[in-house]
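Rule-based calculations on the coordinates, nothing more; no lab input. Note that this is a predicted model, so its numbers are computed, not measured. So basically every Cβ, Gly included, is an ideal-geometry build from the backbone, and we count neighbours across all protein chains shown.
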Amino acid sequence: MSGQDWLDKDFYAVLGVSKDATAAEIKKAYRKKAKELHPDRHPGDPAAEDRFKAVGEAYSVLNDAEQRQQYDAIRAMGSGGARFASGPGGGAGGFEDVFSAMFGGAPGGGNVRFGGPAGPAGPGGANPSMEDILSMFGGGGGFAGAGPSTAQRTPPAGADLSARAKLSFRQAAEGTELTVTVGGRNVTARIPAGVHDGQKIRLRGKGQPSIHGGPAGDLLLTLEVAPHPVWSADGANLRITVPVSFDEAVLGTTLEVPLFDGGSVRMKVPAGTPSGRTLRAKGKGLKTSKGTGDLLVTLEVAVPSHVEGKARAAVEDLRAALADEDPRRGLTEAAAR
């Protein structure tokens, strides 16, 4: 985009914001305009498509702090967008006269036009472009000179987009590849192993294509991970709750605990293990790029709902044998502190 383009176009007016609008206000205005003017909502309407591109162009400049500063400076230099032209007898004075004098013409009558086709401009030769003038001030406006009178600014990138994607627990734990639809386009995304619900992943170059020929924006993908009936994740660690019978908890036992990737691991339950205790199996958790986690097994004592006959008699005998044991001893005193 040439310097004259920036002079001619009022990007603030395109987005409908004031010149002192904050970055948040600019982004909000852009999203509203882009949604209203998106080609999908106006099929077959070239005018709507042009307005949509204009909104994207305005946002790409004003959303970049450095480009916005340069744009404001150029607009201020050009008195709000007037073309730098001075015809015969113009006598306008001010900005045109200054540049006319710089390039060999007399103030008010140098017949100098900036940003137009090359042509005679007095003793100096070819008519200078806007980029030539800006290059005199250290390449102002972000223009990188390719020669004495040619310059090319790096095209701005397209806008970033956002989307949501739903995954099963196993997909999130093991990693997967999925396709999401964004702005009428199908985008393939590689999801690494070990992601969690609510995590955001930035996909470089998967956002809005640049209307200026620059790189595409990014896609910010928010993940929604469905819960699993057995497994849960704690970072790279896997958690599972395993029921044990009352006698197993009291007398101790050895359990066969299933593993996430198949198979099982044997774990010893010490005698007198209370409900809620967690055992750890090293290196049996999730395998991620940052390492492998552990398997955390929480034991839950299962209490039978119906006890009759010999079983009931055995429990009553146990109650009598443990009559001096009070699991709530000291609770009242501790609660009163």
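When the alpha carbon coordinates of region 167-312 are projected onto the principal axes, the ranges are 83, 31, 22 Å, largest first. Between I201 and N237, the contour length at 0.36 nm per residue exceeds the alpha carbon distance by 10.9 nm. Our estimate of slack between T22 and R337, defined as 0.36 nm per intervening residue step minus the Cα-Cα distance, is 108.0 nm.
Under the combined filter of DSSP loop state and at most 14 neighbouring Cβ atoms within 10 Å, region 196-255 retains these trypsin sites (Lys or Arg not before Pro): R204. Give me the distance between the Cα centres of region 203-281 and region 26-72, rounded to whole Å. Computed from Cα coordinates, the inter-centre distance equals 43 Å.
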